[in-house]
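Notes follow the structure.
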Amino acid sequence: MSRPTRLIALAVTAMLAASPALAHLDHAEHGSFAAGFSHPLFGLDHILAMIAVGLWAAVLGGRAMLVVPAAFVTAMLAGFAAAIGGFPLIHVEPMILASIIVIGVLIAMRARMSIMTGAALMAVFAFFHGHAHGGELGGAGAATFGAGFVVATVALHAGGVVLGLLIARMGAGNGVVMRLLGGATALAGVLLAFG
């Protein structure tokens, strides 16, 4: 097994091993930053969506590898601010699950679109992810909690981009691997939605 193939297998195993049943860290015991950082890491829905954003950005290539994740993070912060400001938003969890399915399908289809269209689509989903984070703020400090989940999100996006670039280096088999990962992501979203 080649080195890129081993790295991809390790990344996929880590994604599948993530458990949505882990509890979030208590801000009083661990601090607001740690609670915010852990928040996207303790939910399979968030992990799948964040890595998928990076994977799809890698499919688009070029500037999209920065613009698409940056649009996600920016809109996620806007959703977070809306939640802590008391702005109500309906269908938050269904939209988070829809984001996993849609992004998975985009990856599986190796869908191409303009960077701005792709960034706008990710921003819509990101607003709901951010609102969910804000809704679970509890007694944590908003600024440090927000900084924590932004750092974790950027790391997950970067992991997705790196995984996508490693897959691209595989050569002829990269299309099949990317389609399988996208399909598995979309299927996981369906299972989370109806499971």
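Every number here is computed from the coordinates shown, using simple stated rules; none is lab data. Here the structure is a predicted model, which is why all the values come from computation and not from measurement. Counting neighbours? That spans all protein chains shown, and the Cβs are built from the backbone with ideal geometry, glycine included.
Going by average Cβ density within 10 Å per residue, which order do the peptides 130-138, 78-86 take, highest to lowest?
130-138, 78-86
Taking R0 as 22 Å, what's the FRET efficiency between R169 and A111 from their Cβ-Cβ distance, rounded to 0.05?
0.60
If we count every other residue with Cβ under 15 angstrom of M76's Cβ, Lys/Arg +1 and Asp/Glu -1, where does the sum land?
-2
Roughly speaking, what is the centre-to-centre gap between the stretch 67-102 and the stretch 32-57 when only Cα atoms are used, to the nearest Å?
12 Å
Less than 15 Å Cβ to Cβ from G61, Lys/Arg counted +1 and Asp/Glu -1: what total charge do the surrounding residues give? Working shown, then result.
Values: positive: R63, R110, R112, R169; negative: none.
In short, +4.
Find out how many positive minus negative residues lie around L192, taking Lys and Arg as positive, Asp and Glu as negative, among other residues whose Cβ is under 13 Å from that of L192.
Around L192, the charge tally is -2.
Tell me, what ³J(HN,Hα) does each residue in the stretch 41-47 have, in order and in whole Hz, if you take phi through Karplus 6.51 cos²θ - 1.76 cosθ + 1.60 with θ = phi - 60° and put x for Gly and Pro?
7, 9, x, 4, 4, 5, 4
According to a simple spin-label model (label point 7 Å from Cα along Cα-to-Cβ), what is the distance in nm between R63 and A158?
2.3 nm
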